[in-house]
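Data first, discussion second: the structure below is written as structure tokens.
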2 protein chains.
Amino acid sequence: MPTSAAAAPAVKVLPEPSGLPEPLPEPSRDELRLETVLGALSDPLRLTIVRKLLLESEDYDHSCGWFGLDRPKSSLTHHFKALREAGVTRQRQYGLERRSHVRVEDLDARFPGLLALVAAWSPQG
Amino acid sequence: MPTSAAAAPAVKVLPEPSGLPEPLPEPSRDELRLETVLGALSDPLRLTIVRKLLLESEDYDHSCGWFGLDRPKSSLTHHFKALREAGVTRQRQYGLERRSHVRVEDLDARFPGLLALVAAWSPQG
């Protein structure tokens, strides 16, 4: 049972490899809007995605299969796109596959403390 | 143009007067859910309401007329209720009128830093 904010787990930021594909369209750092970012995060599945990327990333970015989510592919595609369009994640196209990572630096600069809340979140028991 | 998070303005917390009406139904502190709170705040009008309460409160709580919002009463009633049901605000019934204030202590305990983001928010120019 949550009683107070636990110390936020450490967010992992892996170095950017060279030669990455171009990012898909996204808002610039200055275009990020708090209401839009909060809207994108106001969903347990999206919080699960962002939290897993923040805490458990094994590579620079991850395709939707990595998350092991039991949802239709079309639903996952929608959620990953919503996160990107809000500016929470950056997506790149690798052949047929899109991979995502969290825009930690941009979000920390514009909304300090927000990602710590996501990292400290846990799904409802 | 926003380039980085400005220092958050100071949040005003006025002392609770004695003899207040009972609060309307609301989630307890432990029942607050990040996804629900973020959903309630993912709207410019609601951010405007919460931010004004945080920064400009003149009394312990305020009726919707105080905000000077140019929206139909029924719409405002809906938004104030949504904020209360998410646990962002506490509402009390004074005769025919409901007044709200922000649950600063509860939100700071569960989601530290969140209200600073709301206080630093500004509507899109």
- Message: Pairs please, first residue from the range A:37-49 and at the interface with chain B (Cβ under 7 Å from one of its Cβ atoms) and under 13 Å from A:Ser100 (Cβ atoms), second anywhere and among the hydroxyl-bearing types (Ser, Thr, Tyr) and part of a helix (DSSP H, G or I), Cβ atoms under 6 Å, 6+ apart in sequence or on different chains.
- Response: none
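Could you tell me whether B:Ser57 is polar (S, T, N, Q) and surrounded by fewer than 17 Cβ atoms within 10 Å (Cβ to Cβ)? Spell out how you get there, then give the answer.
On the way: polar (S, T, N, Q): yes; surrounded by fewer than 17 Cβ atoms within 10 Å (Cβ to Cβ): no.
No, not satisfied.
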- within 14 Å of chain A (Cβ to nearest Cβ), surrounded by 15 or more Cβ atoms within 10 Å (Cβ to Cβ), closer than 16 Å to B:Leu115 by Cβ and at pLDDT 95 or above - does that describe any residue in the range B:7-28? no
- Item | Scope the range A:81-125; condition surrounded by fewer than 20 Cβ atoms within 10 Å (Cβ to Cβ), among the hydrophobic types (A, V, I, L, M, F, W, C) and over 18 Å from B:Leu114 (Cα atoms); matching residues | A:Ala82, A:Leu96
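The values are calculated or read from the model by the stated rules, or taken from the named source; none is laboratory data. All values derive from a computational prediction rather than experimental measurement. All Cβ positions, even for glycine, are placed from backbone atoms using ideal geometry, and neighbour counts span all protein chains on display.
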